[in-house]
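Novice: One structure is given below, represented as structure tokens, and several questions about it will come after.
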Amino acid sequence: MDIFLQIVFSGLAVGSMYAVGAIALSLLWGTMGMLNIAHTAFIALGGYISYWTMTVMGANWIFVLPMAFLAGIVMGYIYYHLIIRHIYSKENFSVNIIIASVALAALGENAYLNLAGGEALRQPFRFNGGLEMIGVVLTFQTIFTVFVAVLLMVILSLIMSKTKLGQVIRAVSQQPTASKLMGINVQKSFATALMLYGSIAAISGVLVTGTSQVFPSVGYDSTVKALVILIVAGLGNLRAGIFMAFALGFLEMGVNYVLGARYGFPSMLAFVIIVLLFKPNGFFGKEQITRV
Amino acid sequence: MELYQISILITAIGILVAIVAYFWGTSRSENFVSKVRSDSRNTLLWRDFWIGLILVAFALIFPAFGAGKYILGQVILFFIWAAVVTQWNLVFGFAGIFTLGHMAVFAIGGYITAMTGLYLGWSLWAALPVGALATVIFSFLMGATIIRLRGPYIAVMTLAIAIAMQKLIVSDVECFITKDLICYNFTGGAKGLFGYGGFGFKEWLGFKGRIYGEYYLALLLLILSTLFALYVIYSPLGSTFRSIRDNEICASSRGVNRVKYQLIVFTLSGIFTGLAGGVFAGLQTTIGPNILSLSLLLFLLSMIVVGGRGTNWGPLIGAATLMLADTVLRDLNELRVAGLSLIILLVMLFLPNGVVGLIGGIFNWKPKNNQSNTDGQKNLKQVLRSNRNQVFKKGNWIKSFGDEK
């Protein structure tokens, strides 16, 4: 029983991290149709900002999330105007941006390596302790991450459905030319979406590094996992993405406990591939018909 | 100037001459694209034949220039990477399967060859075909699982497969066999496989002649790999992929089965990728999980991107350029990866068709005219700016709404 509970708790912790990543990445897919491997640089950004704010500057923990928020906004803005904008204006955007973002991920990793050094640093923004149930501990960090994941999802859904910003982003993603004719500034709304994405990604970086340490390639694993999760859930479906994040988190942790830690990710990938063999558009995805 | 710099310069000049010759032959036509599409297959075939002959002749006599061991080593590495990239380009640029997991296919070839040598005690010459066969099987399985997905999905899934493979290898700690008191993990673990012997050049050609044996073996690999790629491009398969690339819907309505032909090319590209893996393992005498690392993936990917995706000689040019850039960047060792990624980003931003596209663009440069507005890539703003009167003509109107991203 307590092994089962242990699997549930660690699955909850891992799943909530994947979920936060999936939320941010699915915003980008929904807006511009891009899969962003440079997400790993944003995660590391959150971790290093947290380390810098608390350990180097010695500031209070209250400042960590706002600092990550700001840094994410700035990086998202730069990312859009330096790179994405120019690739978006050419053909084959969805594949070219993957190549460019792989390069950007490596560039980010190298920048952190040269600026902060390669050694793993302890990320100070974390909650110690937890609730004990039948000898198994549910850490406060897990509870907090789940809470933030759900909160981010709710906020993002509200922004996308209720506010003018969300309306603009949805309009632009459906019909860029028509919305331009209606007087929407397409560049600006894409830039806003990227800033929103950057802030969410950097905050998720603070949470993800809270259970491990901060090192240049810290976000690589969870980025690839979040992308795989989005694909198996069917891209563009936020709720299915969150559900899949938790389901695959439980699967991975279950395999980790039963077969050993090295089979966690491969078995998760095998599951995803089997699903995609039967449903190439994802578990909850619908077949997309393009009119010509 | 040192000797090795001179010979690198000569190589670069040779390649540049070949490029110029390449486009000299095609530049007489007014429109490059229409020439390619028209029935000029034989002209192109002869052009590729002469370029290939010049390059091969140059490569054959290259060691006679008295290049040192270091340069020959670099050139051998260049041959192997160029062979891999040629096959990757066949899949990625030509058949339109956007795989980022090609290094996993390469790794399977290298590892199976090394394991056959190590555990069965076979000579590496006998192990090479085994490795190639295993690679073909692996790439068939991998292709069968991913090819039905859409483009960007394939990129992420293949990248995930390569990462999962690297994780499985690195975390392997159980002893599989114990030889001479050394514990060998089945996959070699994080430190890699070693001690499976080599191709025996040292015994045949002596300590000094060994490097020449390795050189010509790698050259043979590259020649065969390029011949195979050219064969695919000029075969009916090549026409199939050109039709899919030009208009997928039209091709499928004519009965072209995209999935089937993509799977065929993906599987076949495993042969020479696997052989390249085996030759790499044999020449390096050790193979480890670092061939699945992000930096090597980036290195080879930038060869394709810089050279020009989907072009016949682009990968070769890209491999040569990147090997030169790498020799320069090696001195900045910590910034090497940053330099590579900057190269990729700059090429993606300014030269989306790579060096080959740039040269083709110079030869086929034409002053802009109003015709270019119907290219379908221009957005409404540019149309508005360039000729206001034509906006409400039917063709432009439909165009500006019709091209959905």
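Novice: Can you give the angle from 0 to 90° between the axis of helix A:264-278 and the longest principal axis of chain A, with both taken from C-alpha atoms, to the nearest 10?
Specialist: 40 degrees
Novice: Between B:F176 and residues 5 or more places away or on another chain, which pairs have amide H atoms under 5 Å apart, with H built 1.01 Å from N, and which residues are they?
Specialist: Counting only residues 5 or more places away or on other chains, the set is B:Y184, B:N185, B:F186.
Novice: If Rh is defined by the Kirkwood formula over all Cα pairs and Rg also comes from Cα, what ratio Rg/Rh do you get for the stretch A:178-282?
Specialist: With Rg and the Kirkwood Rh in hand, the quotient comes to 1.08.
Novice: Could you tell me the center-to-center distance, by alpha carbons, between the stretch B:97-111 and the stretch A:131-204 in angstrom?
Specialist: So the separation of the two Cα centres works out to 35 Å.
Novice: Note down, for the protein assembly as shown, the three equivalent ellipsoid semi-axes (square root of 5 times each alpha carbon gyration tensor eigenvalue), biggest first, whole angstrom.
Specialist: 41, 36, 23
Novice: I've got another one for you. Okay, which of the stretch A:174-208 sit inside 16 Å, backbone N to the point 7 Å along the Cα-Cβ direction of A:H81?
Specialist: A:186-196, A:198
Novice: With the alpha-carbon atoms as the only input, what is the per residue convex hull volume for the stretch B:69-292 in Å³?
Specialist: Cα-based convex hull of the stretch B:69-292, divided per residue, equals 121 Å³.
Novice: Dividing the convex hull volume of the alpha carbon atoms of the stretch A:1-160 by its residue count, what do you get in Å³ per residue?
Specialist: 147 Å³
Novice: Still on this structure: Shielding by partners for B:160-169, please: the mean number of other protein chain Cβ atoms within 10 Å of each residue's Cβ.
Specialist: Across B:160-169, the average partner-chain Cβ count within 10 Å equals 5.
Novice: Can you pull out the chymotrypsin sites (Phe, Trp or Tyr not before Pro) in the stretch A:98-164 that DSSP calls coil and that have at most 15 other Cβ atoms within 10 Å?
Specialist: The qualifying sites are A:F127.
Novice: Provide the convex hull volume over Cα atoms per residue for the stretch A:87-154, in Å³.
Specialist: Here the figure is 182 Å³ per residue.
Novice: Still on this model: Enter the Cα centre distance for the pair the stretch B:78-93 and the stretch B:302-335, rounded to the nearest angstrom.
Specialist: Result: 12 Å between the Cα centres.
Novice: Show me, for the stretch B:262-277, the HN-Hα J-couplings you get by feeding each phi into the Karplus relation (A = 6.51, B = -1.76, C = 1.60, θ = phi - 60°), rounded to Hz, glycine and proline as x.
Specialist: Ordered by residue, 3J(HN,Hα) equals 5, 5, 4, 5, 4, 5, 5, 5, x, 4, 7, 5, x, 4, 4, x Hz.
Novice: Could the peptides A:223-231, A:94-102, B:235-243 be put in order, highest first, of the mean number of other beta-carbon atoms found within 10 Å of their residues?
Specialist: The packing order, highest mean first, is A:223-231, A:94-102, B:235-243.
Novice: From the gyration tensor of the Cα coordinates in the stretch B:104-153, what semi-axes in whole Å does the equivalent ellipsoid have, largest first, with each one equal to sqrt(5λ)?
Specialist: 28, 9, 7
Novice: Follow-up question, since we're still on this one. Identify unpaired cysteines across the protein assembly as shown, taking unpaired to mean no other cysteine Cβ lies under 4.7 Å from the residue's Cβ.
Specialist: Lone cysteines by the Cβ rule: B:C250.
Novice: Calculate the dipole size of the stretch A:2-278 relative to its Cα centre from +1 charges on Lys and Arg beta carbons and -1 charges on Asp and Glu beta carbons; express the result in debye to the nearest 20.
Specialist: So the dipole magnitude of the stretch A:2-278 works out to roughly 820 debye.
Novice: In the neighborhood of B:M348, defined by Cβ-to-Cβ distances under 12 Å, what is the net charge if each Lys or Arg adds +1 and each Asp or Glu adds -1?
Specialist: +2
Novice: Order these by the 10 Å Cβ neighbour count, fewest first: B:R150, B:R254, B:R47.
Specialist: B:R254, B:R150, B:R47
Novice: Can you give the angle from 0 to 90° between the axis of helix A:39-51 and the longest principal axis of chain A, with both taken from C-alpha atoms, to the nearest 10?
Specialist: The answer is roughly 50 degrees.
Novice: So, one more: May I ask you to work out the translational diffusion coefficient for the stretch B:255-352 at 10 °C, viscosity 1.306 mPa s, via Stokes-Einstein with Rh from the Kirkwood sum over Cα pairs, reported in whole µm²/s?
Specialist: After rounding, the answer is 103 µm²/s.
Novice: Report the extension gain between A:Q175 and A:I3 in nm, rounded to one decimal, defined as 0.36 nm multiplied by the number of residues separating them, less their alpha carbon distance.
Specialist: Answer, rounded to one decimal: 56.9 nm.
Novice: Quick one: Debye curve from the alpha-carbon atoms of chain A only, equal weights, vacuum; give me log10 I(q)/I(0) at q = 0.06 Å⁻¹ to two decimals.
Specialist: -0.19
Novice: Additional query: Express in whole angstrom the spacing between the alpha-carbon centres of the stretch B:154-193 and the stretch A:60-115.
Specialist: With the stretch B:154-193 and the stretch A:60-115 each reduced to a Cα centre, they are spaced 32 Å.
Novice: For the stretch A:29-74, what are the per-bin percents of Cα-Cα distances with bins 5 Å wide, up to the bin holding the maximum?
Specialist: Here the calculated profile for the stretch A:29-74 is 5, 21, 24, 20, 13, 8, 5, 4, 0.
Novice: A further question follows. GluC sites (Glu not before Pro) within the stretch A:103-158: which are DSSP loop residues with at most 12 other Cβ atoms inside 10 Å?
Specialist: When the GluC sites (Glu not before Pro) of the stretch A:103-158 are filtered for loop state and at most 12 Cβ neighbours within 10 Å, A:E119 remain.
Novice: Output the 0 to 90 degree angle, nearest 10, between the alpha-carbon long axis of helix A:64-79 and the longest principal axis computed from the alpha carbons of chain A.
Specialist: Its long axis makes an angle of about 30 degrees.
Novice: If you rank B:L44, A:L156, B:L193 by fewest surrounding Cβ atoms within 10 Å, what's the result?
Specialist: So the ranking, lowest neighbour count to highest, is B:L44, A:L156, B:L193.
Novice: Output wanted: per-residue J couplings in Hz (rounded whole) for the stretch A:182-197, from phi through Karplus 6.51 cos²θ - 1.76 cosθ + 1.60, θ = phi - 60°, x for Gly and Pro.
Specialist: 7, x, 8, 7, 5, 4, 5, 6, 5, 4, 4, 4, 5, 5, 4, 4
Novice: Taking a cut-off of 17 Å, what percent of all Cα-Cα pairs in the stretch B:206-254 are separated by more than that?
Specialist: 57 percent
Novice: Please state the Cα pair-distance histogram of the stretch B:227-296 with 5 angstrom bins from zero: what percent is in each bin?
Specialist: Taking all Cα pairs of the stretch B:227-296, the binned fractions are 3, 14, 18, 17, 13, 12, 11, 8, 4, 1, 0 percent.
Novice: Can you work out the Karplus-derived ³J(HN,Hα) for every residue in the stretch A:249-262? Use 6.51 cos²θ - 1.76 cosθ + 1.60 with θ = phi - 60°, whole Hz, and x for glycine or proline.
Specialist: So the J values, rounded to whole Hz, are x, 4, 4, 4, 5, x, 5, 4, 6, 7, 9, x, 5, 6.
Novice: Just counting partner chain Cβ atoms within 10 Å, what average do the residues of peptide A:169-177 show around their Cβ?
Specialist: 2
Novice: Still on this model: For each of A:F4, B:F194, B:F94, A:F246, count neighbouring Cβ atoms within 10 Å of the residue's Cβ, then give the residues from fewest to most.
Specialist: Ascending Cβ contact count within 10 Å gives the list A:F4, B:F194, A:F246, B:F94.
Novice: Mean separation of Cα pairs under 8 Å and 6+ residues apart, divided by the residue count of chain A: what relative contact order is that in percent?
Specialist: Normalised by residue count, the contact order of chain A is 36 percent.
Novice: List the residues, sorted by chain then number, that are 5 or more residues from B:G200 or on another chain and whose placed amide H is less than 5 Å from its amide H.
Specialist: When sequence neighbours closer than 5 places are left aside, there are no close amide H contacts.
The numbers here are math on the coordinates, done by the rules we state, and not lab data. All figures in this text were calculated on a predicted structure; none of them were measured in a lab. Cβ sites come from the backbone with ideal geometry, for glycine too, and all protein chains shown count toward neighbours.
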